[in-house]
Amino acid sequence: MRKTAQVIFGLYMVIIQVLIVYLLIKIWPDKIPPSHTREPVYFFGHIHSISPEVRFLLIAVFVGALGGYVLPATSLVEHIGNRKTSRRNWLTN
């Protein structure tokens, strides 16, 4: 993997992580709302009204995405750190 590709892919990985953490922070409830109410959630300046069930489902999805992010990020750091990124099949390992 070339140096520019490493930098671009590394930045992509950082942006994805920041996005997932941002979404988790925004969706996390301050207090447990009653099940029959819809509370506003602000994403990137837009207001969305979602029910508590949907909110908790989104939390599970974002935490799963953050957990799935760990393996590719660890693999990228390991390959760059060990200077093994010259192989063309790094992404298929």
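Laboratory data are not the source of any read-out in this text; all were calculated from the coordinates shown. Since the structure is predicted, the reported quantities are computational estimates derived from the model, not experimental observations. Cβ sites come from the backbone with ideal geometry, for glycine too, and all protein chains shown count toward neighbours.
Nearest 10 degrees is fine. How inclined is helix 52-81 to the longest principal axis of the chain, computing both from alpha carbons?
The angle comes out near 10 degrees.
About the Cα centre of the chain, how large is the charge dipole given +1 on each Lys and Arg Cβ and -1 on each Asp and Glu Cβ? Please answer in debye to the nearest 20. Mind dumping the intermediate values first?
Values: 10 positive and 4 negative charges, 120 e Å.
Dipole size: approximately 580 debye.
Helix 3-27 sits at what angle to the longest principal axis of the chain, using alpha carbons and giving 0 to 90 degrees rounded to 10?
10
Mean projection of the alpha-carbon convex hull of the chain over all orientations, in nm²?
The number I arrive at for the chain is 7.3 nm².
Taking amide H positions as placed in the peptide plane 1.01 Å from N, state which residues far from residue 50 in sequence (5 or more) or on other chains have amide H under 5 Å from it.
Result for residue 50 returns 39, 41.
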